[in-house]
1. Of the numbered conditions (1) surrounded by fewer than 17 Cβ atoms within 10 Å (Cβ to Cβ); (2) within 16 Å of Tyr247 (Cα to Cα); (3) within 21 Å of the chain's Cα centre (by Cα), Thr215 satisfies every one except a single condition; which is it?
2. Can you confirm whether Leu127 is touching a helix residue (DSSP H, G or I) at 6+ places or on another chain (Cβ under 8 Å), open to solvent by less than 30 Å² (accessible area, probe 1.4 Å) and either on the phi < 0 side of the Ramachandran plot or in contact (Cβ under 8 Å) with a residue 60 or more places away in the chain (or both)?
3. Test each condition in (1) farther than 24 Å from Ala319 by Cβ; (2) modelled with pLDDT of 95 or more; (3) surrounded by 14 or more Cβ atoms within 10 Å (Cβ to Cβ) for Val10 and report the one that comes out false.
4. Do the conditions hold for Ala187, that is, is it open to solvent by 10 Å² or more (accessible area, probe 1.4 Å) and closer than 21 Å to Phe232 by Cα?
5. Can you report the number of residues in the range 118-171 which are acidic (Asp, Glu) and either touching a His at 6+ places or on another chain (Cβ under 6 Å) or at pLDDT below 95 (or both)?
6. May I ask you to say which residue of Ala140, Ala105 is open to solvent by less than 20 Å² (accessible area, probe 1.4 Å), free of Cβ contacts under 8 Å to residues at least 60 places away in the same chain and part of a helix (DSSP H, G or I)?
7. From the list Ala116, Ala93, Ala105, Ala85, pick out the single residue that is more than 17 Å from the chain's Cα centre (by Cα) and either within 16 Å of the ligand (Cβ to nearest atom) or at negative phi (or both).
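The values are calculated or read from the model by the stated rules, or taken from the named source; none is laboratory data. As the structure is a computational prediction, the values presented were derived from the model and not from experiment. Cβ placement follows ideal geometry from the backbone for every residue including glycine, while neighbour counts extend to all protein chains displayed. We work out accessible area using only protein heavy atoms, side chains counted, and drop any ligands, DNA or RNA first. Shrake-Rupley method; radii C 1.70, N 1.55, O 1.52, S 1.80 Å.
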Amino acid sequence: MNKRAFLGGVASLGVTSVLEPPTWARWAALEPLELAAAEDFWLELRGKYRLDPDYINLENGYYSMMSQPVLEAFVERVREVNYEAARFMRTRADAERLATRKELARVARCPVEELALTRNTTESLDLVIAGQDWQAGDEAVMAEQDYGTMLTMFEQVQRRHGVTCRRVNVPLEPRSDEELVELYASAIGERTRLLMVCHMINITGQILPVAKIATMARSKGVAVMVDGAHAFAHLEFAIPDLGCDYYGASLHKWLGSPLGAGLLWVRKERIAGLWPLLAPPPERAQDDITRLNHLGTHPAHTDLALRAAIEFHEALGAARKEARLRHLQQYWTSRVRGRKGIVLNTPSDPRRSCAIANVGVEGLAPAELARRLFEEQRIYTVAIERAGVRGVRVTPHLFTTEAELDALVAALAALA
Ligand SMILES: Cc1ncc(COP(=O)(O)O)c(C=O)c1O
């Protein structure tokens, strides 16, 4: 048991290295970019996942499966909580949740006092949207390409409080970051209170310059909320460095945690001004972030198992993970970009995307393309037809091989 896990009270996974220590030491000596292309290493890592041999899973953007060590730890935590039952909930649950928050704060590189555990990005961000002291006539800024559940929450706030929502349309191939900053700036008015911006757009994989947009918006007195559903534990960054006010993410996407785990980061001075969705116990201080997500009785074993997912993530390291994920996307997109009949709905500049990309085939509706890829080639993707994007989203993960992407490239070429 390592010291961190011991202090947390939960047995360590023993995943201080992702593979057996001597093998890992050899691979870990490589620079992230070199390791990203070292297929033998990733084939070994693939052994940590239990994959359905019947199809190639390129839809890891919705929920990415836990690795086997994390799954085993999760099952063990379910047994542990079940065994201790009410006694666990009365005597240990709060301390264990705090220990997990501390570990997650280390990954997010933020103070634990600014971080809450939630069930997902929807809960995190809808709480922020609904929790403002809106006045009729206030305005909010967002994009056509933002995620549905946040857009509908803004629509609810519009109906309920008379807030005006302004949507910008994000170009796929901006000439510069400044073009995007200007775009968001152009939608800000006298009464704008809140600006939502996606760190990584889910339908195209486009990464937005959130730090620059946040600097601009905050200079105009507008609070900035970042949708980090796809960016957290995918890209390497520290949440406070983005300069925003609120950040929400799902941990069951790129951290590889059990389903139903998310985070909400709130800049310290913004905590007191938010209304929680569910009223917390009265003794919680106004600036205590746990006031915001009082849940009632909840699956405490998920809180515990999150530590296993964190351990797995840290053993590999965020920089290596990001480098491999970008390598995989570039591997296949570079082989189809510019081909007749194939449309890529993802920026061509490699810095503006990572694992996620979207591709269409001329003359094929997205749903038809997804269906044929699955039924004829056993390649699982998801059809997207929204905000001007027509194609299938392709999302590889750490266990994806170059050979699987070769199969995708061949299938697209044949269909085009
Ligand atoms: C950009 C974005 N925001 C928010 C969400 C919502 O995440 P969740 O369903 O985990 O709450 C998603 C889910 O795919 C997403 O892609």
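1. Evaluating Thr215 over (1) surrounded by fewer than 17 Cβ atoms within 10 Å (Cβ to Cβ); (2) within 16 Å of Tyr247 (Cα to Cα); (3) within 21 Å of the chain's Cα centre (by Cα) leaves (3) as the failure.
2. Considered against the rule, which asks whether it is touching a helix residue (DSSP H, G or I) at 6+ places or on another chain (Cβ under 8 Å), open to solvent by less than 30 Å² (accessible area, probe 1.4 Å) and either on the phi < 0 side of the Ramachandran plot or in contact (Cβ under 8 Å) with a residue 60 or more places away in the chain (or both), Leu127 comes out as yes.
3. Unmet for Val10, out of (1) farther than 24 Å from Ala319 by Cβ; (2) modelled with pLDDT of 95 or more; (3) surrounded by 14 or more Cβ atoms within 10 Å (Cβ to Cβ): (2).
4. no
5. Counting residues in the range 118-171 that are acidic (Asp, Glu) and either touching a His at 6+ places or on another chain (Cβ under 6 Å) or at pLDDT below 95 (or both) gives 0.
6. Matching residue, one of Ala140, Ala105: Ala105.
7. Ala93
Results for (1) aliphatic (A, V, I, L, M); (2) touching a residue at least 60 places away in the same chain (Cβ under 8 Å), shown as yes or no for each residue.
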| position | (1), (2) |
| --- | --- |
| Leu35 | yes, yes |
| Arg50 | no, no |
| Pro53 | no, no |
| Glu59 | no, yes |
| Tyr63 | no, yes |
| Pro69 | no, yes |
| Tyr83 | no, no |
| Phe88 | no, yes |
| Arg97 | no, yes |
